[in-house]
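**Student:** Got a structure for you, written out below as structure tokens; questions coming shortly.
The values are calculated or read from the model by the stated rules, or taken from the named source; none is laboratory data. Small disclaimer: the values here were computed from a predicted structure and weren't measured. Glycine gets a Cβ as well: all are built from the backbone with ideal geometry, and neighbour counts include every protein chain shown. Surface areas here come from the heavy atoms of the whole protein model, side chains and all, with no ligands, DNA or RNA. Shrake-Rupley method; radii C 1.70, N 1.55, O 1.52, S 1.80 Å.
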2 protein chains.
Amino acid sequence: MTKIERREFIKKTAIAAAGGTALMMGCNDKKSDGTAAVVNSKTYEWKMVTAWLPNFPLLGEGAVKLARMIEKMSNNRLKITVYGGGELVPALETFDAVSQGVAEMGHSASYYWAGKAPAAQLFTSVPFGMNTQQTNAWLYNGGGLDLWKELYSKFNLIPFPAGNTGGQMGGWYNKEIKSADDFKGLKIRQPGLAGKVVTKAGAASILSPGGEIYTNLERGVIDATDWIGPYHDYQMGFHKIAKYYYYPSWSEPTGVVELMVNKNAYEQLPDDLKEIVKVCASAINNQMLGEFETKNSEYLEKLESESGIEIKKYPADVMNVFKNYTNEVLHELESSDEMSAKILESYNLFRKNITRWTNYTERQFFWEE
Amino acid sequence: MTKIERREFIKKTAIAAAGGTALMMGCNDKKSDGTAAVVNSKTYEWKMVTAWLPNFPLLGEGAVKLARMIEKMSNNRLKITVYGGGELVPALETFDAVSQGVAEMGHSASYYWAGKAPAAQLFTSVPFGMNTQQTNAWLYNGGGLDLWKELYSKFNLIPFPAGNTGGQMGGWYNKEIKSADDFKGLKIRQPGLAGKVVTKAGAASILSPGGEIYTNLERGVIDATDWIGPYHDYQMGFHKIAKYYYYPSWSEPTGVVELMVNKNAYEQLPDDLKEIVKVCASAINNQMLGEFETKNSEYLEKLESESGIEIKKYPADVMNVFKNYTNEVLHELESSDEMSAKILESYNLFRKNITRWTNYTERQFFWEE
């Protein structure tokens with residue numbers, strides 16, 4: 001499909017969706033006490049577009065699990081066909097497709113939409129920011145999700161946290177990093193806010209689609225790349241061509257995955273299906289994290305035992321310099337975008353409080369090396 | 001999902017639904033393609049007993065939220081009346097009540113049932129054990145929940161993780177702790193496996209019901225007590241009568257909360273309601289943790305600003321000695337109870353793997369003091 005054909009398709013499907021579903025049938029079950037339990041029997045057939053390759057491990061699989069759970073809980077009254085990136089619309093048009101009603105749902109990560117709304121990227125991860133447990137507390141209980149809803153509302157979208165990668169790894173390097181100076185002239189694939197950070201350190205931030213990273217790293221088009229964690233990185237084969245695997249992921253101490261729902265479509269659902277979608281997103285948020293943590297544990301072991309890679313910690317100098325640059329990047333974001341400033345104010349205040357608590361608890365719970 | 005997979009799925013669900021409808025009133029919504037969507041309209045009225053005082057903050061409240069979410073998702077087809085401890089049966093008879101079908105559901109913590117099955121306590125928290133994120137990964141993805149199901153199966157119960165306190169605090173002391181020797185003769189309320197640990201250190205482990213702890217601590221019947229974390233501890237008023245608030249909680253680095261369901265009752269539910277119960281438990285597990293973390297952060301600040309308490313870290317000597325005693329206590333449990341041995345084998349293996357991963361990730365994500 002050309003871009004114009006696709007736009008036409010998007011327009012047509014949007015119209016079809018708006019006029020689409022009129023299969024409502026009520027079914028009243030008269031109970032012994034005389035009250036009627038109204039049973040909703042109208043069925044909905046929805047599309048979920050995703051920013052992942054079809055069945056991409058854990059992320060694309062998570063989207064399918066989410067859909068199946070919703071179908072099962074709704075006894076198939078809400079049916080969801082899941083499309084991998086490129087199957088209905090390109091991965092990076094997920095946001096527009098759901099916003100315009102081409103699909104009713106999307107499963108993706110908010111940092112892809114920085115071009116639509118710069119503040120969106122803050123809901124995936126903040127460099128040197130909160131970890132997963134802290135971020136979830138902020139989202140659900142500290143006002144974070146309310147701000148996210150406010151931001152997406154302008155795009156006719158409702159966001160739900162619906163998965164998490166957990167903490168990631170720093171990335172793969174073919175050059176040893178001894179100080180921040182080693183980033184000068186380094187060609188690195190490091191997208192998002194973190195890309196701006198390494199640029200400040202003198203690196204060349206090179207964009208590289210997922211499918212080309214391996215070849216680019218092998219041929220020296222790039223010297224280094226971030227990706228996800230041991231499980232996904234193993235499948236990319238980076239251990240065959242890179243020498244060093246650096247930690248920690250200062251750029252992604254958490255990785256929130258989102259479910260977005262077209263607001264008109266959501267509003268048309270009866271209350272039970274609305275609640276099912278909401279609760280299911282929260283459950284998959286919880287479960288995907290466990291899957292990532294478990295798979296990454298297993299594949300860290302595999303990576304180490306099957307290859308000669310060195311796992312190295314970024315030197316303190318790099319961490320200090322990058323933390324300062326991160327502050328600069330966040331200040332630039334705040335001063336250029338009002339919504340980002342509002343979100344970071346909430347984020348930083350919440351973080352200050354929870355950090356004190358975490359220092360007495362989670363920080364202490366590392367009993368073993 | 002491909003179109004073919006989806007068709008297969010629809011076919012399978014249709015068959016499952018058709019076979020499981022003995023007790024239901026059907027309501028068929030004939031769709032345009034000729035397939036019928038069976039709508040379950042039978043209603044269930046269930047009781048949930050809990051081990052918490054009625055509306056006990058976060059825990060009792062969580063039980064009520066869980067019930068309301070299930071009701072909303074099921075459009076009131078599964079109605080649940082929640083009873084605080086003592087309202088229908090005493091708090092500590094929750095297990096028996098659900099096992100025997102007096103109530104269909106119970107919300108509690110598995111370590112209360114050590115007298116029924118010694119291994120049960122391992123599913124709440126293991127002293128010096130895994131934190132919340134690691135424990136959830138073990139339960140959902142590392143075989144932990146399967147073992148828990150196996151254990152409870154003999155009691156006609158199905159367990160679901162359904163809440164978490166997060167990491168707790170060490171406890172309140174009226175005597176400064178400088179070394180493990182200071183526990184000799186100390187009268188301390190410290191229940192469970194941790195009670196056995198402090199006993200090995202020479203302390204007198206004193207049982208004290210929740211309602212009497214304050215008076216006992218004030219009058220010197222006990223010198224020290226554990227409780228939960230800043231939010232609940234503040235409401236107990238311990239800061240008015242104790243000098244020192246110790247961390248970390250070596251005894252409870254996590255606190256898994258359980259939903260147990262009577263197996264016969266669960267088996268009678270149609271598939272959609274079964275899935276609703278299961279998914280809802282997972283969602284409340286996720287959400288309660290955020291509530292605990294947020295409230296504890298707020299009340300830590302309140303405790304510090306409103307009272308003259310000293311927050312102190314257990315000396316390294318105490319931690320080392322207690323860790324050794326914990327190993328002794330766990331070995332005693334393993335050698336006296338086969339199921340405990342089986343569970344600890346799974347727990348320890350999972351922990352070994354995830355600890356290596358966590359050392360590269362979560363352990364590094366403490367950017368601020």
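**Student:** For the pair B and A, how large is the buried accessible area, both sides, in square angstrom to the nearest 100, if the probe is 1.4 Å?
**Tutor:** In total, chains B and A hide about 8300 Å² from solvent.
**Student:** What three numbers, in Å, describe the spread of the alpha carbons of chain A along their principal axes, ordered from the longest?
**Tutor:** Answer, in whole Å and largest first: 75, 53, 46 Å.
**Student:** Find, among the chymotrypsin sites (Phe, Trp or Tyr not before Pro) in the stretch B:301-369, those assigned to loop by DSSP (not H, G, I, E, B) with at most 15 other beta-carbon atoms within 10 angstrom.
**Tutor:** Sites meeting the loop and neighbour criteria: B:Phe366.
**Student:** For the protein assembly as shown, compute the orientation-averaged projected area of the C-alpha convex hull (one quarter of its surface), in nm².
**Tutor:** Its average projected convex-hull area is 32.8 nm².
**Student:** What are the equivalent ellipsoid semi-axes of the stretch B:125-197, built from the alpha-carbon gyration tensor (square roots of five times its eigenvalues), in whole angstrom, biggest first?
**Tutor:** 32, 15, 11
**Student:** To continue, here is another question. Leaving out ligands and nucleic acids, note down the accessible area per residue over the protein assembly as shown with a 1.4 angstrom probe, in whole Å².
**Tutor:** 38
**Student:** What Kirkwood hydrodynamic radius, in Å, does the stretch B:255-302 give when the mean of 1/r is taken over all pairs of distinct Cα atoms and then inverted?
**Tutor:** After inverting the mean inverse Cα-Cα distance, the result is 12.7 Å.
**Student:** Would you mind counting up the charge near A:Tyr325? Only other residues with Cβ under 12 Å from its Cβ, with Lys and Arg at +1 and Asp and Glu at -1.
**Tutor:** So the environment of A:Tyr325 carries a net charge of +1.
**Student:** When Cβ neighbours within 10 Å are restricted to other protein chains, what is their mean count per residue of peptide A:138-144?
**Tutor:** Mean shielding count: 4.
**Student:** Follow-up question, since we're still on this one. Quick one: which residues, 5 or more positions from A:Ala162 or on another chain, have an amide H under 5 Å from its amide H? H modelled 1.01 Å from N in the peptide plane, none for Pro or chain starts.
**Tutor:** For A:Ala162, whose amide H was placed from the backbone, the distant partners under 5 Å are A:Val257, A:Glu258, A:Leu259.
**Student:** Pull up the DSSP beta bridges for the protein assembly as shown and report the antiparallel fraction as a percent, rounded to 5.
**Tutor:** Bridges in the protein assembly as shown that DSSP calls antiparallel: roughly 55 percent.
**Student:** Quick check on my link table: of A:Lys65/A:Lys263; B:Lys274/B:Lys352; A:Lys352/B:Lys187, which ones sit more than 26 Å apart, alpha carbon to alpha carbon?
**Tutor:** B:Lys274/B:Lys352; A:Lys352/B:Lys187, as the Cα separations exceed 26 Å there.
**Student:** Here's a follow-up. Sorted from shortest, what are the nm distances separating the label point of A:Phe366 from equivalent points in the other copies, each placed 7 Å from Cα along Cα to C-beta?
**Tutor:** Relative to the other copies, A:Phe366 has label-point distances of 0.7 nm.
**Student:** Next up: Averaged over peptide A:348-358, how many Cβ atoms belonging to another chain are found within 10 Å of each residue's Cβ?
**Tutor:** Partner Cβ neighbours, averaged per residue: 5.
**Student:** Specify the residue with the greatest mean-square fluctuation among B:Gly308, B:Gly85, B:Gly144, computed from a Gaussian network of chain B linking alpha-carbon atoms under 10 Å apart.
**Tutor:** B:Gly308
**Student:** Further, regarding this structure: Write down the Å³ per residue value for the convex hull defined by the alpha carbon atoms of the stretch A:231-339.
**Tutor:** Given the Cα convex hull of the stretch A:231-339, per-residue volume reads 161 Å³.
**Student:** Which value at 222 nm does the protein assembly as shown reach when only helices count, each DSSP H run of 4 or more adding -39,500 (n - 2.57), with the total divided by all residues and rounded to the nearest 500 deg cm²/dmol?
**Tutor:** Rounded to the nearest 500, it is -14500 deg cm²/dmol.
**Student:** If contacts are Cα pairs under 8 angstrom and at least 6 residues apart, what is the relative contact order of chain B in percent?
**Tutor:** About 20 percent, as a whole number.
**Student:** On the principal axes of its Cα set, how long, how wide and how thick is the stretch B:61-174? Give whole Å, largest value first.
**Tutor:** For the stretch B:61-174, the Cα extents along the three principal axes come out at 42, 40, 27 Å.
**Student:** Name the residue farthest towards the positive end of the dipole of the stretch A:292-368 from the options A:Thr294, A:Trp367, A:Asn320, assuming +1 on Cβ of Lys and Arg, -1 on Cβ of Asp and Glu, about the Cα centre.
**Tutor:** Comparing the listed Cα positions along the dipole, A:Trp367 ranks first.
**Student:** Using the alpha-carbon centroid of each, what span in Å lies between the stretch A:90-160 and the stretch B:270-334?
**Tutor:** 29
**Student:** Taking H as built 1.01 Å from N, whose amide H comes closer than 5 Å to the amide H of B:Leu78, not counting residues under 5 places away?
**Tutor:** Result for B:Leu78 returns B:Tyr44.
**Student:** Using the Cα centre of the stretch A:106-181 as the reference point, and only Cβ charges (+1 on K/R, -1 on D/E), how large is the resulting charge dipole? Debye, rounded to the nearest 20.
**Tutor:** 140
**Student:** Within 10 Å of each Cβ in A:269-280, how many Cβ atoms from other chains are there, averaged over the peptide?
**Tutor:** The per-residue average across the peptide is 5.
**Student:** Could you check which residue among B:Asn76, B:Asn164, B:Asn359 shows the biggest mean-square fluctuation in a GNM of chain B with a 10 Å Cα cutoff?
**Tutor:** B:Asn359
**Student:** Shifting gears a bit: Aspartates and glutamates near B:Lys302 by alpha-carbon distance under 16 Å, same-chain residues fewer than 8 away left out - which ones?
**Tutor:** Partners within reach: B:Asp233, B:Glu293, B:Glu310.
**Student:** Taking R0 as 30 Å, what FRET efficiency do you get between B:Glu304 and A:Asp146 from their Cβ-Cβ distance, rounded to the nearest 0.05?
**Tutor:** That pair, B:Glu304 with A:Asp146, gives E of 0.60.
**Student:** Rounded to a whole number, what % of the accessible area of the stretch A:266-348 do carbon and sulfur atoms account for, probe 1.4 Å?
**Tutor:** On the stretch A:266-348, the fraction of accessible area on carbon and sulfur atoms equals 42 percent.
**Student:** Taking a label point 7 Å from Cα toward Cβ, how far is B:Asn55 from its twins in the other copies, in nm, shortest first?
**Tutor:** Inter-copy label distances (nm, one decimal, shortest first): 5.2.
**Student:** Could you look at the stretch A:109-182 and say what percent of its accessible area is carbon and sulfur, using a 1.4 Å probe and all protein chains?
**Tutor:** 48
**Student:** Which one, A:Ala316, A:Ala204, A:Ala224, has the greatest fluctuation when you compute a Gaussian network model over chain A with C-alpha springs under 10 angstrom?
**Tutor:** A:Ala316
**Student:** Quick one: of A:Lys47/A:Lys116; B:Lys178/B:Lys200; A:Lys295/B:Lys295; B:Lys47/B:Lys278; B:Lys116/B:Lys243, which pairs are farther than 25 Å apart, Cα to Cα?
**Tutor:** Over 25 Å apart, Cα to Cα: A:Lys295/B:Lys295; B:Lys116/B:Lys243.
**Student:** Under a point spin-label approximation (7 Å from Cα along Cα-to-Cβ), what is the B:Phe366-A:Ile311 distance to one decimal in nm?
**Tutor:** Going by the 7 Å Cα→Cβ label model, 2.0 nm.
**Student:** Please work out the Kirkwood hydrodynamic radius for the stretch A:41-115, using every pair of different C-alpha atoms, and report it in angstroms with one decimal place.
**Tutor:** 12.4 Å is the Kirkwood radius here.
**Student:** List the distances, in nm to one decimal, from the label point of A:Asp337 to the label points of the same position in every other copy, shortest first, placing each label point 7 Å from Cα along the Cα-to-Cβ direction.
**Tutor:** Distances to the matching label points in the other copies: 5.2 nm.
**Student:** Moving to a separate point now. Only Lys, Arg, Asp and Glu count, each charged at its Cβ (+1, +1, -1, -1), so figure out the dipole size of chain A about its Cα centre, rounded to 20 debye.
**Tutor:** It comes to approximately 620 debye.
**Student:** Next question. Roughly how compact is the stretch A:325-366, stated as its Cα Rg over 2.2 N^0.38 Å to two decimals?
**Tutor:** Cα-based Rg divided by the globular estimate yields 1.48.
**Student:** Something else about it: Could you size up the charge dipole of the protein assembly as shown around its Cα centre, putting +1 on the beta carbon of Lys and Arg and -1 on that of Asp and Glu, and report it in debye to the nearest 20?
**Tutor:** Computed charge dipole of the protein assembly as shown: roughly 1340 debye.
**Student:** Identify, among B:Ile188, B:Asn262, B:Leu330, the residue whose Cα sits farthest towards the positive end of the charge dipole of the protein assembly as shown, taking +1 on the Cβ of Lys and Arg and -1 on the Cβ of Asp and Glu, with the dipole about the Cα centre.
**Tutor:** B:Asn262
**Student:** Apply the Karplus parameterisation 6.51 cos²θ - 1.76 cosθ + 1.60, with θ equal to phi minus 60°, to every residue of the stretch A:172-189 and state each ³J(HN,Hα) to the nearest whole Hz, in sequence, with x for glycine and proline.
**Tutor:** Calculated HN-Hα couplings, in order: 9, 9, 9, 10, 6, 9, 9, 7, 4, 4, 5, 7, 5, x, 5, 8, 10, 8 Hz.
**Student:** Which aspartates and glutamates have a Cα less than 19 Å from the Cα of B:Lys72, not counting those fewer than 8 places away in the same chain?
**Tutor:** Within reach: A:Asp29, A:Glu71, A:Glu267, A:Asp271, A:Asp272, A:Glu275, B:Glu45, B:Glu61, B:Glu104, B:Asp271, B:Asp272, B:Glu275.
**Student:** Hey, what do the phi angles of the stretch A:147-153 turn into as Karplus ³J(HN,Hα) couplings, whole Hz, using 6.51/-1.76/1.60 and θ = phi - 60°, x for Gly and Pro?
**Tutor:** Once θ is set to phi - 60°, the couplings for the stretch A:147-153 become 5, 5, 4, 4, 5, 6, 4 Hz.
**Student:** List residues of the stretch B:233-262, by number, whose backbone nitrogen lies under 14 Å from a label position 7 Å along Cα→C-beta of B:Glu218.
**Tutor:** Hits in the stretch B:233-262 for B:Glu218 at 14 Å: B:236-242.
**Student:** Okay, moving on. Under 5 Å between amide hydrogens, which residues at least 5 positions from A:Ile311 or on another chain qualify, with H placed 1.01 Å from N in the peptide plane?
**Tutor:** Placed amide hydrogens put A:Tyr245 under 5 Å from A:Ile311.
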